[in-house]
1. Among the residues of the stretch 323-345, which ones are surrounded by 16 or more Cβ atoms within 10 Å (Cβ to Cβ) and not in a strand (DSSP E or B)?
2. If you take the residues of the stretch 188-200 that are in contact with a strand residue (DSSP E or B) (Cβ under 7 Å, 6 or more places away or on another chain) and not in a loop (DSSP other than H, G, I, E, B), which of them is farthest from Lys426 (Cα to Cα)?
3. Taking the stretch 380-401 on its own, how many of its residues are open to solvent by 10 Å² or more (accessible area, probe 1.4 Å) and either in contact with a Cys (Cβ under 6 Å, 6 or more places away or on another chain) or in a loop (DSSP other than H, G, I, E, B) (or both)?
4. So which residues in the stretch 498-530 are within 30 Å of the chain's Cα centre (by Cα) and among the hydroxyl-bearing types (Ser, Thr, Tyr)?
5. When you scan the stretch 127-140, do you find a residue that is touching a Leu at 6+ places or on another chain (Cβ under 6 Å) and under 25 Å from Asp48 (Cα atoms), even just one?
6. Can we say Thr185 is touching a residue at least 40 places away in the same chain (Cβ under 8 Å), over 19 Å from Tyr135 (Cβ atoms) and in a strand (DSSP E or B)?
7. Those residues that are surrounded by 12 or more Cβ atoms within 10 Å (Cβ to Cβ) and modelled with pLDDT under 80, I need them from the stretch 492-523; list them, please.
8. Given (1) of a type in the set (Asp, Glu); (2) assigned to a loop (DSSP other than H, G, I, E, B); (3) in the same structural domain as Thr73 (by the TED database), where does Glu218 come up short, assuming only one miss?
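The values are calculated or read from the model by the stated rules, or taken from the named source; none is laboratory data. If you're wondering where the values come from, they're calculated on a predicted model, not measured in any experiment. Neighbour counts are summed over all protein chains in view; Cβ atoms, including those assigned to glycine, are modelled from backbone coordinates with ideal geometry. Heads up: the accessible areas ignore ligands, DNA and RNA and are worked out on the full protein's heavy atoms, side chains in. Shrake-Rupley method; radii C 1.70, N 1.55, O 1.52, S 1.80 Å.
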Amino acid sequence: MLLLHCPLLLLLLPLSSRMQKLPTRDEELFQMQIRDKAFFHDSSVIPDGAEISSYLFRDTPKRYFFVVEEDNTPLAVTVTPCDAPLEWKLSVQELPEEASGEGSGEPEPLEQQKQQITNEEGTELFSYKGNDVEYFVSSSSPSGLYQLDLLSTEKDTHFKVYATTTPESDQPYPELPYDPRIDVTSLGRTTVTLAWKPSPTASLLKQPIQYCIVISKEHNFKSLCAVEAKLSSDDAFMMAPKPGLDFSPFDFAHFGFPADNSAGKERGFLKSSSKFGRQTSSKPRVDLHKVCIGNKNIFTVSDLKPDTQYYFDMFAVNTDTNLSTAYVGTFARTKEEAKQKTVELKDGKVTDVFIKRKGAKFLRFAPVSSHQKVTFSVHSCLDAVQIQVRRDGKLLLSQNVEGVRQFQLRGKAKAKYLIRLKGSKKGASMLKILATTRPNKQLFPSLPEDTRIKAFDKLRTCSSVTVAWLGTQERNKFCIYKKEVDDNYSEEQKKREQNQCLGPDTRKKSEKVLCKYFHSQNIQKAVTTETIRGLQSGKSYLLDVYVIGHGGHSVKYQSKLVKTRKFC
């Protein structure tokens, strides 16, 4: 397979029976092309089995295409947006019969191929809009002329494309472990220690893998490409720390690298190009840093600011292919200064809390006015946590919390409440907590006692499933999402891989089924049903329902695994 780029209105089509046949994979030619990096930098030619980096101007589409010579050929195409969402689609045209004859196996000169261009459109196979790493995979693709169109409507942006006709043998992207989360194993006022399970690509396949950590004060990242697009050319990479010394990119004066960053200049991602006539800024980004640390799987980031929230991402990078895969990112707030051992809760404001494994956190709530009742709402993001509430020293509540729980306690004038949160023995805990004396101003949406999704087996078809869930007397917005999973996918696996506090804004747009408002004054009748159509026969799907409160905070119901009928 050979990938080519041309203007949007032009399309390669071999018309002559004398045309030389494009090889599926000429390994000698492929290795020669890979070694010649200049051949592919902003070039029109991309080999089978190599990732390319390119650039899109806003509202200016780009088109790539490639020929698959034989029917039943495996095909995988991966598109990675960097710093802006992309719109892209993959389509195919049928090749004329005379174009499929035997040839010399040598590729035609590029200029000669460009003379064989027409403006016909093909049949659309796949399309996507968004900023997720998205891919098209087929185990048996027909022969034809495949066409990939890309467009950025937000701003000028970088992107990456990888395509191969041998996805099983290539395995270009590092594989994630069974539990792909990053664990925060130790948390201090200025340090955070991270640990993660090694990639099977390194531990089992013995391929060269290094890990790159990204530290941000803004948000998590979905791809290493997105990280590099945020970094200036001088700050894109850093040398690995010396043996025995962990990464310390920050100092107490400011959040940023030391002045000497010459170690990373050779591998800068955003390099200015006279061809585009636009210069990238070399000003360091003081809120984002990245370091590659080799193959160890425990690491301490030091010299952080106390009482500050940081976001951590981990990427496994295959040093042979330079392709990467993202672990499930996490976040943590460093401890307060020693004199600030108790976190003050504000009435009606949600507070994010991080608790290390087997650790504990103390919070204090002192209402400024007299009150009859006080409500505590707790949303545990990962494992269960224990909550204890004392009023003026008297124990009022002691419960384990998994998921979302609300506790309403009798108030008392001038009372002060001390909340103790104890983490799980299994690992670090993250949660959101809200304390208020005004129950009518709850930011968390109200929930029924039963947050399960029920599937009706008798209503299952080969292309649809019907489900129901309970609501409340309060009018809320409900959004339902679907995701196709393998037959051996389990609820326990889902729980290990996802932060339950992540809302629908973290889901792919293609997974969204619908959103609707629902409530019932009669709590016995507060139930709604929905039929999800357009599914494939004999496939398993994971269904999620999110309820979104008036304050914008969302809570996810218990996930439901369903499977369509195979025969109807």
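1. Within the stretch 323-345, Tyr327, Gly329, Thr334, Lys335, Leu345 meet the criteria.
2. Val192
3. Going through the stretch 380-401 one residue at a time, the tally reaches 5.
4. Thr506, Ser510, Tyr517, Thr529
5. yes
6. Spelling it out, Thr185 is indeed touching a residue at least 40 places away in the same chain (Cβ under 8 Å), over 19 Å from Tyr135 (Cβ atoms) and in a strand (DSSP E or B).
7. Gln493, Lys494, Lys495, Arg496, Glu497, Gln498, Asn499, Gln500, Cys501, Leu502
8. The failed condition is (3).
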